[in-house]
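Chemist: What follows is a structure written as structure tokens; I'll ask about it next.
Rule-based calculations on the coordinates, nothing more; no lab input. From a predicted model like this one, the values you see are computed outputs, not experimental measurements. Cβ coordinates were reconstructed from backbone atoms using ideal geometry, including for glycine residues, and neighbour counts include every protein chain displayed.
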Amino acid sequence: MTVVVLLGGPGAGKGTQAPILAEHLGVPHVATGDLFRAAVRDGSPVGLAARRFMERGQLVPDAITIEMLLQRLSAPDAADGVLLDGFPRNRAQAEALDEALAERGSVVSRAIDIDVPADDLLERLTGRWVCRDAGHVYNEHTNPPRVPGVCDLDGSPLIQREDDREETVKARLALTLSSLADVVDHYRRRGVLRVVDGRQPIDRVTAEVLEAVDTIEGRAGGPADSAHPANGVDPKGGA
Ligand code: AP5
Ligand code: MG
């Protein structure tokens, strides 16, 4: 089972990189934010419970989030692994994931932190557009679609997320970055963390993210010696 966790603050580029990385790994892309947005659209009990937290830029309570994620992990398509985007987001979620994987005889193989300073994130999010049907991500400044308002990949209309209003973005940044630091620390201590500089152009970030998973021990396509600095090891990391 290959379980890879993509970390990063709101707007760091998780959703931009995740589909490429998931295809590369041959595992489904599971984003808790996408699962919550789908639940809100469906008007399900999880959606009704999550909505008021999302609107305020707060994390949805762990009990709801962890149960939803564990259910998704039990789906047949996740049997060989999964790419997680936006989960875990605090230490309790990281520990719940470790426990659930241990029951399956597995562990998180790699955690990749897409690191972008908080000051850059506000501008990114207020310029973001996502496609209605599949969530493909654009930015009116840095990554515009070929035709304004239309997704390059599937032709569906581009919309702005409700939580990308400036006030909500500020709340998301203020309320989520410190618990994210705990999660980064959790994986650094386990020696599976790689940090990628998310201020680089999108294709450069992609190259470094792919390289970070190709150094997973036992995976075809890369050297097994993940402790070598040339493999992008986090200088503050270590088992
Ligand atoms: P979620 O949907 O996960 O939102 P988020 O973490 O705030 O992250 P985003 O999706 O906003 O950013 P991203 O990193 O995916 O960036 P993107 O690639 O789109 O969660 C939403 C809400 O759900 C949370 O606030 C919370 O309420 C709830 N929730 C979700 N998970 C939870 C959990 N585990 N626990 C509790 N609650 C949870 O890129 C952003 C923009 O930047 C785009 O315009 C893109 O084009 C641009 N961009 C990307 N890369 C680059 C680059 N290299 N250079 C320049 N621009 C770039
Ligand atoms: Mg996202």
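Chemist: Work out how much length ALA63 to SER44 would gain on full extension: take 0.36 nm times their residue separation and subtract the Cα-Cα distance, in nm to one decimal. Intermediate values should be presented prior to the final figure.
Modeler: Values: separation 19, 0.36 × 19 = 6.84 nm, distance 1.61 nm.
Answer, rounded to one decimal: 5.2 nm.
Chemist: Running a GNM on the chain with Cα contacts under 10 Å, which residue among ALA118, ALA31, ALA63 ends up with the highest mean-square fluctuation?
Modeler: The residue that fluctuates most here is ALA63.
Chemist: Relative contact order for the chain: what percent, with Cα pairs under 8 Å and sequence separation of 6 or more? Provide the component values of the computation, followed by the final result.
Modeler: Numbers: 377 pairs, mean separation 61.1, N = 239.
The normalised contact order for the chain reaches 26 percent.
Chemist: Same structure again: When the dipole is taken about the Cα centre of segment 39-108, and only Lys, Arg (+1) and Asp, Glu (-1) are charged at their Cβ, what size is it in debye, to the nearest 20?
Modeler: Values: 8 positive and 11 negative charges, 80 e Å.
Charge dipole, segment 39-108, about its Cα centre: 380 debye, nearest 20.
Chemist: To the nearest 20 Debye, how big is the dipole of the chain about its Cα centre, given +1 on the beta carbon of each Lys and Arg and -1 on that of each Asp and Glu? Working shown, then result.
Modeler: Numbers: 27 positive and 37 negative charges, 76 e Å.
My answer is approximately 360 debye.
Chemist: Let me ask another. From the residues ILE112, GLY135, ALA49, which one has its Cα farthest along the dipole of segment 31-164 in the positive direction, the dipole being from +1 and -1 charges on Cβ of Lys/Arg and Asp/Glu about the Cα centre?
Modeler: So the residue furthest toward the plus end is ALA49.
Chemist: State which helices in the chain qualify, where a helix is a whole DSSP H run, it must extend 20 Å or more along its own axis by its Cα atoms, and its mean Kyte-Doolittle hydropathy must be at least -0.5.
Modeler: Helix filter hits for the chain: 166-189.
Chemist: Between ARG146 and ARG199, what is the label-point separation in nm under the 7 Å Cα-to-beta-carbon projection?
Modeler: Label at ARG199, label at ARG146, 3.3 nm between them.
Chemist: Work out the FRET efficiency for THR126 and ASP80 from their Cβ-Cβ distance, taking R0 = 25 Å, and round it to the nearest 0.05.
Modeler: Working: r = 38 Å, r/R0 = 1.51.
Computed FRET efficiency for THR126 and ASP80 comes out at 0.10.
Chemist: So for the pair ASP185, LEU70, with labels modelled 7 Å out along Cα→Cβ, what separation do we get in nm?
Modeler: For ASP185 paired with LEU70, the spin-label model returns 2.5 nm.
Chemist: Turning to a different aspect of this structure: How much space per residue, in cubic angstrom, does the convex hull of the C-alpha atoms of the chain take up? Spell out each step's value before the answer.
Modeler: Details: hull volume 29.5 nm³, N = 239.
Given the Cα convex hull of the chain, per-residue volume reads 123 Å³.
Chemist: How much of the DSSP beta bridge set in the chain is antiparallel, as a percent to the nearest 5?
Modeler: On the way: 7 of 24 bridges.
Bridges in the chain are about 30 percent antiparallel.
Chemist: Given contacts defined as C-alpha pairs under 8 Å and at least six residues apart, what's the relative contact order of segment 92-215, whole-number percent?
Modeler: On the way: 113 pairs, mean separation 39.7, N = 124.
So the answer I get is 32 percent.
Chemist: Got the relative contact order for segment 45-144 handy, in percent, Cα pairs under 8 Å and 6 or more residues apart? Walk me through the intermediate numbers first.
Modeler: Values: 38 pairs, mean separation 11.7, N = 100.
Result for segment 45-144 is 12 percent.
Chemist: If packing is taken as the average count of other Cβ atoms within 10 Å, what order do 89-101, 43-55 fall into, highest mean first? Please list the in-between numbers first.
Modeler: On the way: 89-101: 17.7, 43-55: 15.2.
For the peptides 89-101, 43-55, the packing ranking is 89-101, 43-55.
Chemist: How large is the dipole of segment 45-173 about the Cα centre if only Lys and Arg carry +1 and Asp and Glu carry -1, each at its Cβ, rounded to the nearest 20 debye?
Modeler: Working: 16 positive and 24 negative charges, 58 e Å.
Result for segment 45-173 is approximately 280 debye, rounded to the nearest 20.
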